[in-house]
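Only one structure is covered here, and it is reproduced in the block below.
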Amino acid sequence: MTILRTPDERFANLPGYDFVPHYQTLKDPRLGDLRMHYVDEGPRDAPVVLMLHGEPTWSFLYRKMIPLVAKAGYRAIAPDFIGFGRSDKPGSRGDYSYQAFVDWLRQFIEAVDLRRMTLVCQDWGGPIGLRVVSELVDRFDAVLTTNTLLPTYEPPPKGIDGWPGEQIMNWVKTCREATDLPISAIVGGVGVNALPEDVLRGYDAPFPDASYKAATMQITCCIPVEPGMPGIAENKKAWEVIERFEKPFLTAFSDRDPSTKAWENVFRRRVPGAAGQPHAEIAGAGHFVQEEQGPELAKHLIALLNRMYR
């Protein structure tokens, strides 16, 4: 069994990312102790914003939003999922499952004892984060979703007509067959504008070579794209709670992400807390809206927080 840890020097001098690292040790029944990294900025006694990244990014994705949230008087927590960022990286694809990511996040929240939380989730941060919201609902005050989903392989109105579609199925096939992935090229390839070289280096930083990328290759393979796959039943159970979630639930999807765009209306339709919210469309951004329009997304987030707490 191999647990890899990216050398600290890989994270030196990354643009806009000079946050002090924090770590929480998780107990995994199969893998033993795993060190999970997180950014923790802002007043420790303030309401918490839990910012969850997706594939193949890490907390670097939120570097433009974290200082704005902290300056507004809130506590910004941005963890790296196990296998990503500065967190430990089990070396085998078989070490990762959708359920494992949910279990690791839940254990992290309980270990750090986070409460009064607003979840901000994008990409895989949605399926993982919303599952945890459904299990720890009393710890959450609100949710902001952007470019994400919670699939159950059901037709409209509970799901998307024609989902998962060719684009997602091709991406799953690519990851199933991959022995390596070009991390920064993936991030840069689904945006509106080209990313600078130092930013691309930031996305590559956690992964010195292919041996560190087992999570990035396997997590996509966990998307429940067929009936009966692991995650379908669990997501349906999560929806039973989310469909009763009456606290604020805001959508702020980007205008140029065809892979998730249709899901914003599913959330608006199915979640009671979405009714009457000032939902937003973030202009000029592809899939990774935090990278391309982080301050704009932060503006909607901080307005939500201020409505709740000020």
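Quick note: the coordinates plus some simple rules give every number you see, no bench work behind them. Predicted, not measured: the structure shown is a model, and the values here were computed from it. Here Cβ is always computed from backbone atoms with ideal geometry, including for glycine, and neighbour counts include all displayed protein chains.
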> So for the chain, taking the charge dipole from beta-carbon charges (+1 Lys/Arg, -1 Asp/Glu), which of Gly126, Val190, Pro206 sits furthest toward the positive end?
Replying inline: Gly126
>> Run lengths n ≥ 4 of DSSP H only: what is the helix-derived mean residue ellipticity at 222 nm for the chain, with -39500 (n - 2.57) per run over all residues, to the nearest 500?
In response: -10000 deg cm²/dmol
>> Nothing charged except the Cβ atoms of Lys and Arg (+1) and of Asp and Glu (-1): what's the magnitude of the dipole of the stretch 10-53 about its Cα centre? Round to the nearest 20 debye.
In response: 220
> Between Val20 and Asp161, what length comes free when the chain is fully extended (0.36 nm per residue of separation minus the Cα-Cα distance, one decimal in nm)?
Replying inline: 46.3 nm
> Using a simple charge model, +1 on the beta-carbon of Lys and Arg, -1 on the beta-carbon of Asp and Glu, nothing else, what dipole does the chain show about its Cα centre, in debye to the nearest 20?
Replying inline: 700
>> Net charge within 15 Å of Asp80 by Cβ-Cβ distance, Lys/Arg positive one each and Asp/Glu negative one each, not counting Asp80 itself?
In response: 0
>> With an 8 Å Cα cut-off and a minimum separation of 6 or more residues, compute the relative contact order for the chain in percent.
In response: 20
>> Quick check: residue separation of Ala111 and Ser97 times 0.36 nm, minus the Cα distance between them. What number comes out in nm?
In response: 2.9 nm
> Lysine pairs in the chain with alpha-carbon atoms under 18 Å apart, 8 or more places apart or on different chains: how many are there?
Replying inline: 8
>> In the chain, if the dipole is taken from +1 on Lys/Arg beta carbons and -1 on Asp/Glu beta carbons about the Cα centre, which of Leu34, Trp104, Pro47 is farthest to the positive end?
In response: Pro47
> With a sphere of radius 12 Å drawn around the Cβ of Val192, what net charge do the other residues whose Cβ falls strictly inside it have (Lys, Arg +1; Asp, Glu -1)?
Replying inline: -3
>> What does the charge count around His287 come to, taking other residues whose C-beta lies under 11 Å from its C-beta (Lys +1, Arg +1, Asp -1, Glu -1)?
In response: -3
> Which of rounded, prolate, oblate describes the stretch 3-309, given a ≥ b ≥ c as roots of the alpha-carbon gyration tensor eigenvalues and a/c under 1.5 marking rounded, otherwise prolate only if a/b is larger than b/c?
Replying inline: rounded
> What are the residues whose amide H is under 5 Å from the amide H of Ala285, where those residues sit 5 or more places off or on another chain and H is modelled from the backbone?
Replying inline: Asp255, Arg256
